[in-house]
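Notes follow the structure.
Rule-based calculations on the coordinates, nothing more; no lab input. Since the model is a prediction, treat every value here as computed from it, not as a measurement. A quick note on method: Cβ atoms are made from the backbone with ideal geometry, for glycine too, and the neighbour counts reach across all protein chains shown.
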Amino acid sequence: MKYCYSCGSELIEGSEYCHKCGTPVGKVVKEEFSVKSEELIDKVKKLLHEGNVTKIIVKDENGKLLLEIPATVGVIGAILAPWLAALGAIAALVTNCTVTVIRKE
């Protein structure tokens, strides 16, 4: 039996997405980057333009979740602006962040 890596729900056999959270099912690669607050927005923009990213998670130096950006946001530029504004506010509050990137192979 397979389980969703994002929410932990049991997956329906043959499905391409989790029926609870909508996360794509399949082989995923998780990468983590440590960035300074002034580099945060540029790093996230660069990752979103790569195209194979399914989710970007930003955490502070204590591991507290600050922002989670789904991949569909990167496709539509107009929706991206509020996320970048939120990233700017986060960058002003913290000194270092951990950016976790989830990619589907």
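Structure above, values below:
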quantity: In nm, spacing of pseudo-spin labels at GLU16 and THR100 (7 Å Cα→C-beta vector); calculated: 2.6
quantity: Label-point separation in nm, ALA85 to LEU65, each point 7 Å along Cα→Cβ; calculated: 2.3
quantity: Paramagnetic reach from SER34 (point 7 Å along Cα→Cβ, amide N under 19 Å) across the stretch 50-64; calculated: 57-64
